[in-house]
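Student: Pasting a structure below so you can have a look.
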């Protein structure tokens, strides 16, 4: 089994920065790449801020933070991953974008390198087919926010070899995360259960059964959820929620996965949740206010 010592992360957004954070803190050398130097710097700033919060809450020491930051290097082009043991794609949840990245990435990698994807819904088998190493390709789906959430879904494609699967399990264990193994079906386990619940909450709003505040309060106090489903949708990003529902609807051809028209409308308006300051709540003031 190949020993994984160095990690590459393609995509320096919320998920990519979180993956770089936990890998560096666990002692791995990390290369962080995105389409521009500015995006890489923004990702590094996110890592620094989140590590500093962990110092403030006494989860880690200042020395651990400084050591972790030293382990992360900016990678401006794919050739910077030429000696990396495992590269994880963490781009936007769009299959065309992911396939393009994987096609560009593979020629720069050494033959023994593994490739992972952080996709939350797209077929691992299909993504693996766009690489030159489907047997060394695997789904490594971290939960958001990565530094806080304990679970990682591991998903094998039809061609993923045992050696790749075993190496991924060892890697995730070194991060201190818990593994749940999923078969390669649309949205895997967590999002196959979670996203239809969120979509149903949006239908409940769309049909006038309850207001944003009533629905979220009902689920927090009635089902003991730490966050209401509409608040959670804003946190995930409404565009990501819609993408996952579309993958479920297309992949399983069941009408129960039809995305709510109200979700589609919000995405068309560019109201994507927290990242755009408006979704089911308006975040532009001191306190979030329901938009419906």
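Read-outs: derived from the displayed coordinates by stated rules, not from any lab. All figures in this text were calculated on a predicted structure; none of them were measured in a lab. A quick note on method: Cβ atoms are made from the backbone with ideal geometry, for glycine too, and the neighbour counts reach across all protein chains shown.
Student: Could you give log10 I(q)/I(0) at q = 0.15, 0.21 Å⁻¹ for the range 28-187, computed by the Debye formula over C-alpha point scatterers of equal weight, without solvent?
Tutor: Log-scaled intensity ratios, in q order: -0.85, -1.54.
Student: Here's something else I'd like to know. With r defined as the distance between the Cβ atoms of residue 104 and residue 189 and R0 fixed at 41 Å, what FRET efficiency is calculated, to the nearest 0.05? Intermediate values should be presented prior to the final figure.
Tutor: On the way: r = 30 Å, r/R0 = 0.73.
My answer for the efficiency is 0.85.
Student: If I histogram all Cα-Cα distances within the range 13-53 using bins 5 Å wide from 0, what percent of pairs lands in each bin?
Tutor: Whole-percent P(r) values from 0 Å outward: 5, 27, 36, 23, 8, 1.
Student: OK, next. Test of understanding: what is the full-extension gain from residue 77 to residue 174, defined as 0.36 nm times their sequence separation minus their Cα-Cα distance?
Tutor: In short, 32.2 nm is gained.
Student: Can I ask one more? Send over the per residue convex hull volume for the range 65-140, Cα only, as a whole number of Å³.
Tutor: 102
Student: How far apart, in nm, are the 7 Å Cα→Cβ label points at residue 225 and residue 1?
Tutor: 3.7
Student: Once both axes come from the Cα atoms, what is the angle between helix 95-105 and the longest principal axis of the chain, in degrees from 0 to 90, rounded to 10?
Tutor: With both axes taken from Cα atoms, the answer is about 10 degrees.
Student: What is the helix-to-structure angle for 62-71, meaning the angle in degrees between its Cα long axis and the longest Cα principal axis of the chain, kept from 0 to 90 and rounded to the nearest 10?
Tutor: Roughly 70 degrees, rounded to the nearest 10.
Student: Right, something else. Given Cα pairs under 8 Å that are at least 6 residues apart, what percent is the relative contact order of the chain?
Tutor: 13
Student: How much length, in nm to one decimal, is gained on full extension between residue 59 and residue 217, taken as 0.36 nm per residue of separation minus their Cα-Cα distance?
Tutor: So the extension gain works out to 53.8 nm.
Student: Relative to the longest principal axis of the C-alpha atoms of the chain, give the angle of the C-alpha long axis of helix 162-174, reported between 0 and 90° and rounded to the nearest 10°.
Tutor: Value to nearest ten degrees: 70.
Student: In Å, what Rg and Dmax follow from the Cα atoms of the chain?
Tutor: 19.2, 56
Student: Tell me what the chain gives for mean residue ellipticity at 222 nm when only DSSP H runs of n ≥ 4 count, each as -39,500 (n - 2.57), the sum divided by the residue total, rounded to 500 deg cm²/dmol.
Tutor: Theoretical 222 nm ellipticity from helices: -14000 deg cm²/dmol.
Student: Return the percentage of antiparallel bridges among DSSP beta bridges fully within the chain, rounded to the nearest 5 %.
Tutor: Bridges in the chain that DSSP calls antiparallel: roughly 25 percent.
Student: Can you pull a Stokes-Einstein diffusion coefficient for the range 192-292 at 10 °C (1.306 mPa s), Rh from Kirkwood over Cα pairs, as a whole number of µm²/s?
Tutor: 118
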